[in-house]
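Trainee: I am attaching a structure below and will ask some questions about it afterwards.
No lab work stands behind these numbers, since they all come straight from the coordinates. Note that the coordinates shown come from a computational prediction; the quantities given were computed from them, not determined experimentally. Reconstructed Cβ throughout: ideal geometry from the backbone, glycine too, with neighbour counts over all protein chains shown.
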Amino acid sequence: MIVETISALRNYLNEQRKQGRTIGFVPTMGYLHDGHLSLIRSAKADNDVVVVSDFVNPTQFAPNEDFDSYPRDIDRDEQLAMSAGADVVFYPSVEEMYPAGSSTFVETEGHITKVLCGASRPSHFRGVTTVVSMLFNIVQPDKAYFGQKDAQQAAVLIKMVRDLHMNLQIVVCPIVREADGLAMSSRNTYLSAEARQQAVVLNQALLKGKTLFESGEYNVQKLSEAISNKIKEMPLADIDYVSIYDYPSLETVENINEQALAAVAVRFGNTRLIDNIILKKN
């Protein structure tokens, strides 16, 4: 079932709550893949009702980014979402979410939004926290599900929920990968055949870093260099960042203490891909 208006979705969910049903929520920008479907399945396993939002949010794209070309196919998305266990797909227009005169934003400040993707996309996380807080307000879920692939986003949203005393639990689910290790992403469809072949180096490089870490190397600079050098083996790879931070605080450390996030962003032509791995001491 597709619902396009906030009022219709609220009416539907109010009826579900009256019957004592719990609500799980999976926010997406559509063009669903197996990573999204795994989130929907997790939500269905934990909750009575599952809502999937399908909304390409303009406020998290910079003017030179791919908002207009971002892949969209609502009929395909509805079929996939329902097959994975969704009960309703919320498919609002931009005008429904941002009516004329909208000028209120939610912003998580500090180091957590200024590093990694926040460094090269300075307005991105303000758009993310704004639209997700709106969606949380509309859906009022018991639990919301996000993928570890967007690890910085997950950390930012966990902080937002805590700071604003929102009454829900965020569940972070493991990265879902293609058979060759490439993290699933709607943007993978942009890749040329050659770039797609070379993009597997992201996961390979992160695993190389993990192996080095598990052998006893905890120095962030040395680990980062090992990951970078592996990525540079691919001629089409243009590195945006290779970084390691304490996780989930995303504070800078020279040596890994208990747990860190090794994260990469790499362009192949015009397509920017991200991937990450958690480095955790036993």
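Trainee: Between Ser103 and Glu233, take the C-beta separation as r, use R0 = 51 Å, and let me know the FRET efficiency to the nearest 0.05.
Mentor: Efficiency, from the Cβ-Cβ distance: 0.60.
Trainee: Also: Rounded to the nearest 0.05, what FRET efficiency do Asn282 and Asn64 have when you use their Cβ-Cβ distance and R0 = 41 Å?
Mentor: 0.40
Trainee: Summing -39500 (n - 2.57) over the DSSP H runs of n ≥ 4 in the chain and dividing by its residue number, what mean residue ellipticity at 222 nm do you reach, to the nearest 500 deg cm²/dmol?
Mentor: -11000 deg cm²/dmol
Trainee: Tell me the angle of helix 34-46 to the major Cα principal axis of the chain, expressed in degrees between 0 and 90 and rounded to the nearest ten.
Mentor: Helix 34-46 sits roughly 60 degrees off the main axis of the chain.
Trainee: I'd like the Karplus ³J(HN,Hα) series for the stretch 104-111: coefficients 6.51, -1.76, 1.60, θ = phi - 60°, whole numbers in Hz, and an x wherever there's a Gly or Pro.
Mentor: Once rounded to whole Hz, the list reads 9, 10, 10, 9, 8, 9, x, 4.
Trainee: Dipole size in debye (nearest 20) for the stretch 171-240 around its Cα centre, Lys and Arg Cβ +1, Asp and Glu Cβ -1? Display every interim value, and only then the final one.
Mentor: Details: 8 positive and 9 negative charges, 18 e Å.
With only Lys, Arg, Asp and Glu charged at Cβ, the dipole is about 80 debye.
Trainee: Here's another thing I want to ask about it. Relative contact order (percent) for the stretch 2-173, with alpha-carbon contacts under 8 angstrom and 6 or more residues of separation?
Mentor: 29 percent.
Trainee: Taking every pair of alpha-carbon atoms in the stretch 2-173, what share in percent sits in each 5 Å bin, from 0 to the bin with the longest distance?
Mentor: Here the calculated profile for the stretch 2-173 is 1, 8, 18, 21, 23, 17, 8, 3, 0, 0.
Trainee: Could you work out the Kirkwood radius for the stretch 186-276, taking every pair of different alpha carbons, averaging 1/r and inverting it, reported in Å?
Mentor: 13.4 Å
Trainee: Roughly what percent of Cα-Cα pairs across the stretch 101-244 reach past 26 Å?
Mentor: 37 percent
Trainee: What GluC sites (Glu not before Pro) in the stretch 94-135 are in a loop by DSSP, with at most 16 other Cβ atoms within 10 Å of the Cβ?
Mentor: Glu107, Glu109
Trainee: What GluC sites (Glu not before Pro) does the stretch 202-234 have in DSSP loop regions with at most 12 other beta carbons within 10 Å?
Mentor: Within the stretch 202-234, the qualifying GluC sites (Glu not before Pro) (loop, at most 12 other Cβ atoms within 10 Å) are Glu233.
Trainee: Efficiency by 1/(1 + (r/R0)^6): what FRET value for Ser83 and Ser215, r their Cβ-Cβ distance, R0 = 45 Å, to the nearest 0.05?
Mentor: Here the calculated transfer efficiency is 0.55.
Trainee: Next question, about the same structure. Stretched out fully, how many nm does the piece from Ala119 to Glu96 gain, at 0.36 nm a residue minus the Cα gap?
Mentor: Taking 0.36 nm per residue and subtracting the Cα distance, the gain is 5.3 nm.
Trainee: Quick one: dipole size for the chain, taken about the Cα centre, charges +1 on Lys/Arg Cβ and -1 on Asp/Glu Cβ, in debye to the nearest 20.
Mentor: Value, rounded to 20: 480 debye.
Trainee: Under 5 Å between amide hydrogens, which residues at least 5 positions from Gly147 or on another chain qualify, with H placed 1.01 Å from N in the peptide plane?
Mentor: Under 5 Å from the amide H of Gly147: Cys173.
Trainee: Measure out, as a whole number of angstrom, how far apart the alpha-carbon centroids of the stretch 159-203 and the stretch 204-241 sit.
Mentor: When both Cα centres are located, 18 Å separates them.
Trainee: Cα-Cα over 22 Å: which of Lys114/Lys210; Lys159/Lys230; Lys210/Lys281; Lys149/Lys230; Lys143/Lys210?
Mentor: Lys114/Lys210; Lys159/Lys230; Lys143/Lys210
Trainee: Which residues make up the longest stretch of the chain clear of trypsin sites (Lys or Arg not before Pro) that lie in a DSSP loop with no more than 15 other Cβ atoms within 10 Å, not counting the sites?
Mentor: The answer is 115-231.
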